[in-house]
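Take a look at the structure set out below.
Values in this text are rule-based calculations from the coordinates and carry no lab data. The structure presented is a predicted model; accordingly, all values stated were derived computationally and were not measured. Counting neighbours? That spans all protein chains shown, and the Cβs are built from the backbone with ideal geometry, glycine included.
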Amino acid sequence: MTTIMRRKAGLLIMFMGIVPFVAAQEGPNLKRISLERFIQMGLQNNPGLKSAKYSVDAGRSKIPQAGALPDPVLSVNLMNLPVNTFVFDQEPMTGKQFALMQKIPFSGKLGLKKEIARESFERQKFRLKELENQLKLAIKKTYFSLFAVDQTLIVTEKNMQLLQQFEQIAETRYAVGKGLQQDVLKAQVERSKLLDQKISLRQKRRSLQAKLNSLVNRPAGKPIGKIRSIRMDSLSENRQNLKKLVIKNRPFLKMLRAQIRQSGEMIRLARKNFLPDFSLGIAYTQRNRLRNGMPGVDYVSAMVSVNLPVYFPKKQSKKLEETRLQKRSVEESYQNALNNIDFQIENTLALMEKNKRRLALLKTGIIPQASQSLNAALMGYQVGKVDFLTLLNNQRTLFSYEIQYDQVLADFEKNLAELEAIVGKKLF
């Protein structure tokens, strides 16, 4: 029996190396969609992004409107019509008048309004680009979370099969009187606990799948194939270059700078509003020949009107004050954004450095050591030098670190994606 147990132990050690490959082949036979393809689908199909694009197009259409003159006013008047007869040939002052009026803003006002509309359009363009970057970030983070869950499912399945082998070894030892029945029961309990984790992981995967589908405007329940692996990227830019790239590339900062320029134009327009606008008009009056034979002579009229900003203390002055305060508000928002971005860069770089070191430690140190410890415990158990609880503890330790590795790898890629969104430029 001892020889049989040794053979089983040897097969189990081989099994521990083979199972990851076998587990990787399991699951639905679905075509894998790459991260780049998901991003492409999101940029093309996301409804929120489409809405923002329509807003940009609408903003572009506002520019010529803002620089156009007000519509002229055409009026037709019946002048001095006698109420006793309502005829046009009774009184010499009776006539039909056709008048045309045009309001003309003071020089420079229309140009400023057009520039304000142009800066508003620029803001909307940069807002759209910022939304695109945030959508990419959301897709990447969900994709990497899905990868971590898929890898955890693979590792969980591997460990469930590993525990099944432990159970068989414990049963063999119990059958020959060298083991305890509780060892068999412990293995069964551990497998049940992993089955419970597997149920939770599958539910989490469905949730992440639905989220990723919604981001790219696909049906929430549409299946997504297992994500087998992700490429570990590296960052080539240093801290100082990143901070320079932010100023140059981040759409959110460009949007705020456009808003500052727009506020400046609004201040100039508020100053211009102290000056009057004009209205020019011309009228033509047609008169009929009178009953008494007197000819009706037509005549032309011209007029100029000017609005008087006599209520400027309550209107124009307050408007100027309002626009100045608005500009200061945006300038402070810009500085606040710079401070937040500076913190985000430092924080993200620190997280990346931590996760990079943890990956190296797990890959080259902890996981190989935990694997060796499990192998030693397994060999010790089969000759009676190690109890079953020690074997299970070693299995749990290796299981935990294998899951941690994939989670840390996913976190590292999320950190890189966040850094790209912060900078506003592809970094790798």
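Near R32, once Lys and Arg are set to +1 and Asp and Glu to -1 for all other residues with Cβ below 13 Å from its Cβ, the sum equals +2. The alpha-carbon positions of the chain define a convex hull whose volume is 226 Å³ per residue. Checking the cross-link pairs K31/K363; K211/K248; K62/K327; K62/K129 against a 25 Å limit on the alpha carbon distance flags K31/K363; K211/K248 as lying beyond it. Please determine, in degrees from 0 to 90 and to the nearest 10, the orientation of helix 2-24 with respect to the longest principal axis defined by the Cα atoms of the chain, where the helix direction is its Cα long axis. So the helix axis and the longest Cα principal axis differ by about 10 degrees.
The phi-based Karplus calculation (6.51 cos²θ - 1.76 cosθ + 1.60; θ = phi - 60°) puts the 3J(HN,Hα) values of the stretch 87-102 at 10, 9, 10, 9, 10, x, 8, 6, x, 10, 10, 10, 10, 10, 10, 9 Hz, whole numbers, x for Gly and Pro.
In this simple spin-label approximation, S317 and T85 carry label points 7 Å from Cα along the Cα→Cβ vector, and these lie 5.8 nm apart.
Multiplying the residue separation of K426 and F106 by 0.36 nm and subtracting their alpha-carbon distance yields 110.5 nm.
For the stretch 292-428, the relative contact order comes to 28 percent (Cα pairs under 8 Å, sequence separation of at least 6). Phi-derived couplings, Karplus 6.51 cos²θ - 1.76 cosθ + 1.60 at θ = phi - 60°, listed residue by residue for the stretch 183-191: 5, 5, 5, 4, 4, 5, 5, 5, 5 Hz, with x used for Gly and Pro. Taking 0.36 nm per residue of separation and subtracting the Cα-Cα distance, full extension of the segment from D387 to K198 would add 65.3 nm. With 21 Å as the limit on Cα-Cα distance, the pairs of K141/K204; K254/K318; K113/K244 that go past it are K254/K318; K113/K244.
Taken about its Cα centre, the stretch 70-190 carries a charge dipole of roughly 480 debye when the Cβ of each Lys and Arg holds +1 and the Cβ of each Asp and Glu holds -1. Under a Gaussian network description of the chain, with springs only between Cα atoms under 10 Å, the residue in T348, T156, T85 that fluctuates furthest is T85. In this structure, F98 and A220 have a Cβ-Cβ separation that, at R0 = 56 Å, corresponds to a calculated FRET efficiency of about 0.30. For K226, the residues whose amide H sits under 5 Å from its own are L30, ignoring neighbours fewer than 5 places away on the same chain, with H placed 1.01 Å from N. In percent, rounded to a whole number, the relative contact order of the chain is 24, using alpha-carbon pairs under 8 Å and six or more apart.
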